[in-house]
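Reading through the structure tokens given below for one structure.
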Amino acid sequence: MAMDYIVDKLGGRIAFGGDYNPEQWPEEVWKHDVALMKEAGVNLVSVGIFSWALLEPEEGRYEFGWLDRVLELLHANGISVDLANASASPPPWFSRKYPDSLPVDADGVRQSYGSRQAFAACSPDYRRAAAALTTAIVQRYAEHPAVVMWHVHNEYGCHNQPDFGPHAERGFQKWLQDRYGSLDALNKAWGTAFWSQHYYDWAEILPPRRSGTWVNPTQQLDFARFSSDALLECFKAEADVIRAHSEHPVTTNFMGFNMGLNAPVDYWRWSGHMDVVSNDHYLIAADERNFQELAMTADLTRGWAQGKPWLLMEHSTSAVNWQPRNVAKVPGEMLRNSLQHVARGSDGALFFQWRASRAGAEKYHSGLVPHAGRDSKVWREVVQLGRVLESISEVAGSTVQAEACIIHDTDARWGTELDSHPSEDARNVPETRRWHDALYRAGITTDIRQSTDDLSGYKLVIAPMLYLVTDEGAAKLHKYVEAGGTLVITYFSGIVDENDHIRMDPVNGGGYPGAFSELLGVSMEEFFPLRSGDTVGLSQFGSGTLWSELGKATDAEVLATFDGGAGRSGVGGSPAVTRRAGASGRGAAYYVATSLGRTGLAELVQLLCSDAGVEPVLGVAPPEDVEIVRRSNGTKDWTFVINHSAHDVDVPLDGVELLSGAPTGGTLILTAGGVAVVATPA
Ligand code: GAL
């Protein structure tokens, strides 16, 4: 059961709608809401996400009257509901009654209620109350004809993560006992011989609260893993209650790349527990290539969904309220964003939120119905989007095929966000983005998966800054090359094992990157991170930033070396880009020992693609800032062409353009900022 169940319930249509919070409005507004929803073609709304306080005014006493009326009204108007179990924000009465359910920060300061998500994941009172509320809701609405999906909680980890309080302390100790079995094993894994940290009693072990200086890195990493698991336990408990009463799919909305070490939720571990993988994405207004960041997030979400269709649960019609400068979307931008998500596998385009609020912290956040009402740019574009989605309904259920794949392991990412490292600039997500952007510019569709996934279907696999790699992940990548695949490993990859210990032989040492040195045929001996803003010249591929290394190729062809520089570089002559041919005569293992500039990276990506036989969707690179992605169901293909540029473009593409219903006649002509979806036989 997955996204196809929802599409089926929606009469074969792509999901369109968003968070509907009718409790924020007088009841007489509701009938206007549904009339507007019908005008726009809205078919799915998420209801009740932040309604706990109104649904349960005091412990065990529920007031469902208003929700009954809302669901009836929606059903009578043919609008389906993704019903929340409302556990995301405990009400003030709850926090006051159970003050130790509130989360505690790393300084030991207990947070207050008054915003949202004010609970500690391991609080037994929170868990009990959330389960009771879930039971009451699901028992009442499991058979309600409007309901087609369950929305558990909301963005787990947003705003209350991680919790360092006493519940987390006990939970962490228990989690560690399960993981390590003995204190001896924990002491080894954490390297507690260093700085006199040896533990003699489980009760001595704390969450990584503020200390004089760097807290044990393995402790930090394990705490992130534990914190993610603690929230996952909350999800599973609530989902179990729902599944015991209902057949509808269960989801919780993920937050794309917003799952760093400071708010750790490992979606690779979570996604298998979802019936539908759903994600929220918001553009960062200050980011000039935010459309590419959107594409990368959608590709990651498709990875969590194992390539199957997923659901865009939230994005915005225009500005948000939480950035320093909340720039509104220009005409056409919301349509482009929506179609980017659909092109990359979402079978829906949902938004936060239906009606822009009048009160509260998010009143300056855009909605489908803006403060200005119907006579507005936003509303006209919402209606237009509804029509567009209707016209491409046949795309639902189809999938995206990619020949290239980027590896993005959560532990590797968290590992690079630890303190006390060679360079604070060496972070996984920015390096991943540089590679994704280079592939995006070349028109290459890219999946994002983790190292332990089955990679055999890919011609090209790129592992940007796979700092921490498990034995299993390293073995998979070795096998991938042995089987003829083309693999790229970048600097600061394969450096540590799952405990964040340097991969090396304790007696004889051994060159970096320990996990891949043999596979790559290189042996690097010393990191030379660059000063901020510095570059290092290369004999090929332009120049590098952030990082350089001293070392040698032991069994690889050197494609580029580092320049000596003006006496500032200690790495002159060391290999910067290498290639070791696969043992079978097919495939290769490349090493890139620096962060390449845009032009050099583009040049290298061209070389990699021709070496691996990877091609852009239309065989040639698209015009600049034109995104071309294809979905297919095996018999029919749909090519999405999204023009982010300020120029009209011609694209050689023969088929029927679904938005206009007109054949392209061999060449698609797309205006600046325009979108098209062209159907062709597969
Ligand atoms: C999301 C959240 C929504 C809303 C939105 C605003 O993180 O799930 O409830 O706050 O952000 O952009």
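The values are calculated or read from the model by the stated rules, or taken from the named source; none is laboratory data. The structure displayed is predicted, hence computed values, not measured ones. A quick note on method: Cβ atoms are made from the backbone with ideal geometry, for glycine too, and the neighbour counts reach across all protein chains shown. SASA here: full protein model, heavy atoms, side chains in, ligands and nucleic acids out. Shrake-Rupley method; radii C 1.70, N 1.55, O 1.52, S 1.80 Å.
For a modelled paramagnetic label at D425, 7 Å from Cα along Cα-to-Cβ, the residues of segment 531-558 in reach, with backbone nitrogen under 13 Å, are 531-537, 543-549. At a probe radius of 1.4 angstrom, the accessible area of the chain per residue rounds to 38 square angstrom.
Bridgeable aspartates and glutamates around K188 (alpha carbons under 14 Å apart, same-chain partners fewer than 8 residues away excluded): D222, D497, E498, D500. Residues whose amide H lies under 5 Å from that of W310, counting only those 5 or more places away or on a different chain, are S346, D347; hydrogens are built 1.01 Å from N in the peptide plane. Heavy-atom accessible area with a 1.4 Å probe sorts Y458, Y5, largest first, into Y5, Y458. For segment 626-681, the fraction of C-alpha pairs farther apart than 15 angstrom is 41 percent.
Karplus-based coupling profile of segment 9-20, in residue order and whole Hz: 4, 8, x, x, 9, 6, 5, 9, x, x, 5, 10, with θ = phi - 60° in 6.51 cos²θ - 1.76 cosθ + 1.60 and x standing for Gly or Pro. The alpha carbon centroids of segment 605-660 and segment 444-521 are separated by 30 Å.
DSSP beta bridges confined to segment 1-127 are antiparallel in about 20 percent of cases. Of the trypsin sites (Lys or Arg not before Pro) found in segment 531-620, those in coil by DSSP whose Cβ has at most 16 other Cβ atoms within 10 Å are R531, R568, R586. On the chain, 50 percent of the accessible area sits on carbon and sulfur atoms, based on a 1.4 Å probe.
Scalar couplings 3J(HN,Hα) for segment 56-63, obtained by applying the Karplus form with A = 6.51, B = -1.76, C = 1.60 to θ = phi - 60°, are 10, x, 8, 3, x, 10, 10, 10 Hz; x denotes Gly and Pro. Kirkwood radius and radius of gyration were both taken over the C-alpha atoms of the chain, and their ratio Rg/Rh is 0.98. Averaging 1/r over each pair of different alpha-carbon atoms in segment 404-612 and inverting the result gives 16.7 Å, the Kirkwood hydrodynamic radius.
Both numbers refer to the Cα atoms of segment 369-503; Rg and Dmax are 20.2, 62 Å. Label sites at S115 and A53, each approximated as a point 7 angstrom past Cα along Cα to Cβ, lie 1.5 nm apart. Taking the Cα centre of segment 626-681 as reference, the dipole from Cβ charges on Lys and Arg (+1) and Asp and Glu (-1) amounts to some 220 debye. Cross-link partners among lysines for K552, C-alpha distance below 21 Å, same-chain residues fewer than 8 apart left out? Partners within reach: none.
About its Cα centre, the dipole of segment 345-395 is roughly 360 debye, where the only charges are +1 on Lys and Arg Cβ and -1 on Asp and Glu Cβ. Across segment 404-612, Cα pairs under 8 Å and at least six residues apart give a relative contact order of 20 percent. Looking at the chain, the DSSP beta bridges with both ends there are about 55 percent antiparallel. Counting only protein chain heavy atoms and rolling a 1.4 Å probe, the accessible areas of I448, I284 rank, largest first, as I284, I448. Would any residue of segment 136-173 have its amide N under 17 Å from a label point 7 Å out along Cα→Cβ of E23? List them or say none. It comes to 136-141, 151-155, nothing else.
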